[in-house]
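What follows draws every value from the coordinates through simple rules; no lab data is involved. Values in this document were obtained by computation on a predicted structure and should not be read as measured data. Reconstructed Cβ throughout: ideal geometry from the backbone, glycine too, with neighbour counts over all protein chains shown.
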Amino acid sequence: MEKSNELENLVIIGGGPAGLTAAIYAGRAGLEPVVINGPQPGGQIINTDELENFPGFPEGISGAEFGSRLLEQAEHFQVQLDFNIVEKVNFKDKPYTITTSEGSYQTRTVIIAAGAQPRPLGLEKEQQLTGEGVSYCATCDGALYRDKRVAVVGGGNVALEEADFLTRFARKVYLIHRREEFRADELIQEKIASNKDIECLYNSEVVELLSSDGRLSGLKIKNNQTEKIKELLDISALFIAIGYEPNTELFRGQLELDEAGYIETSGFQRTNIPGIFAAGDIQDSRYQQVITAAASGARAAMEVDRYLQAKRAEQETQVRV
C-alpha cells in the first residue's frame, strides 16, 4: 500500500528482538510506530530450537514461540506491522523516505534493527541441517548437546570462547581451524590449551556434512596441507563461528559504518544522522545476544521519544517567538 502521503513518527526496519522491543516501547509512548518486519518476523531467533538464557523463561522457550510472543505483544500497543521488504532508503532529505516492495513511508525518525547474518561455510546440506545439528550460536544451543560430541569451526575469539563454553555440556569438543595458529587473544588460547575436553584440529577444513534421519551425524575434514580427508563420526552438532555479516548494504553511503560494515552508534544508539538510530546486531559486533539486542531496541525507542519531544519543544518556541 502506498504510504508516502502520510508522515509517520517512527519507522522501524527489522522485526527481530531489537526491532520489536523498540516497537513495544515506542507504542507505549504513543508514537504509533511502523515496523517493517520483512517476510520472516521474529528475526533469526525463530530458527533456534530452544532459548534458555533469556530472563523470565526458566524452562526455556522455542525461538519460534519467543518471536511469536514478541510480535503479539507489539500488536497490543498500536504498532503497525508491515511484512514487506525494504528496497531503498533516503536519509539525505527530511522527512526520511523508506521504500518497500509495496510502497513507501515518509517518517520523522527511523530505528534500524535489520540484524546481522552468521557467515556460512557454504557447504551442501548446511542450510538444510541448520537447526538440526548445525548452529551459529553456542550460547543459544549448547545446552541441547549434553554429553555429546560436538565441533566448532573458527579461529577467532568467538570460536574459542564458544568451544570453551560448550565443554560445560558436551563431553568432547573438536575445534577446527583452517590455519596453523588461532587469531584469538592469548588469554583465551591459554584457556583452550588447558581444557582437556577440547581437541584442536589445525590446518583443517570441513568439506562435507554427514547426516542421518535428517540430522547432523558427522563431518568430513580435509587437512589443507596434506590434502588428506578423514571422517569425524558421532558428531551431534557443528557450531560455525567464522564471523557475521551485518545487513547494512542498504545504508552504505548514507550512514557511517565501521571497518567490518556495522553501523557506528553512540552510547545512545544514535547514528551520524539526527533522527536515525540503530539497535541490535546491526550495530553490535561483540555480544550479539537476544537480550542485548532487546535492550538496545528499548534504548533506541526511548531516545526517539526524547528526540521527538525536543523537536516539538523547538517548534513551539519558534511559534511563540
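Each part reduced to its alpha carbon centroid, the range 1-70 and the range 79-151 end up 12 Å apart.
This ranking places His76, His177 by how few other beta-carbon atoms lie within 10 Å of each, fewest first, which gives His76, His177.
Dipole size of the range 46-128 about its Cα centre, with +1 on Lys/Arg Cβ and -1 on Asp/Glu Cβ: approximately 640 debye, rounded to the nearest 20. Selection among Gly56, Ile13, Asn157 by position relative to the dipole of the chain gives Asn157 as farthest towards the positive end (Cβ unit charges, Cα centre). Across the range 104-142, no residue has a backbone nitrogen under 15 Å from the label position 7 Å along the beta-carbon direction of Asp234.
Among the GluC sites (Glu not before Pro) in the range 44-75, those located in a DSSP loop and surrounded by at most 13 other Cβ atoms within 10 Å of their own Cβ are Glu59. In summary, the lysines within cross-link reach of Lys148, defined as a Cα separation below 28 angstrom excluding same-chain residues under 8 places away, comprise Lys125, Lys172, Lys191, Lys196, Lys220, Lys222, Lys228, Lys230. Axis of helix 290-320 versus longest Cα principal axis of the chain: the two differ by about 20°, to the nearest ten degrees. For Leu175, the residues whose amide H sits under 5 Å from its own are Val152, Glu199, Cys200, Leu201, ignoring neighbours fewer than 5 places away on the same chain, with H placed 1.01 Å from N. Each of Phe165, Phe182, Phe239 was scored by other Cβ atoms within 10 Å of its Cβ. Arranged with the fewest first, they read Phe165, Phe182, Phe239. From least to most packed, judged by other beta carbons within 10 angstrom and beginning with the fewest, Tyr174, Tyr287 follow the order Tyr287, Tyr174. Spacing of the modelled spin labels on Arg119 and Glu32, each 7 Å from Cα toward Cβ, amounts to 4.4 nm. Multiplying the residue separation of Arg146 and Thr130 by 0.36 nm and removing their Cα-Cα distance gives an extension gain of 3.9 nm. Each Lys and Arg contributes +1 and each Asp and Glu -1, all at the Cβ; summed about the Cα centre of the chain, the dipole is approximately 340 debye. Calculate, for Ala260 and Thr317, the FRET efficiency according to 1/(1 + (r/R0)^6) with r their C-beta to C-beta distance and R0 30 Å; round to the nearest 0.05. Taking R0 as 30 Å, the efficiency between Ala260 and Thr317 is 0.15. Which of the following values of volume of the Cα convex hull per residue in Å³ was calculated from the structure shown: (1) 175; (2) 151; (3) 141? Comparing each candidate, only (2) matches the computed number. Of the peptides 97-110, 292-305, 119-132, the order by per-residue mean of other Cβ atoms within 10 Å, starting with the highest, comes out as 292-305, 97-110, 119-132.
Other residues within the sphere of radius under 15 Å centred on the Cβ of Gln117, judged by their own Cβ, net out at -4 (K and R +1, D and E -1). With a simple spin-label model that places each label point 7 Å from the Cα along the Cα-to-Cβ direction, the separation between Phe54 and Arg183 comes to 3.0 nm. Pick out which of Ala163, Ala241, Ala193 has the largest mean-square fluctuation in a Gaussian network model of the chain, springs linking Cα atoms closer than 10 Å. Evaluated over the chain, the most mobile residue of the options is Ala193.
Going Cα to Cα from Lys92, which lysines come in below 26 Å? Please leave out same-chain ones fewer than 8 positions away. Excluding near neighbours in sequence, the set is Lys3, Lys311. Placing pseudo-labels 7 Å out from each Cα toward the beta carbon at Arg306 and Glu87 gives an inter-label distance of 3.7 nm.
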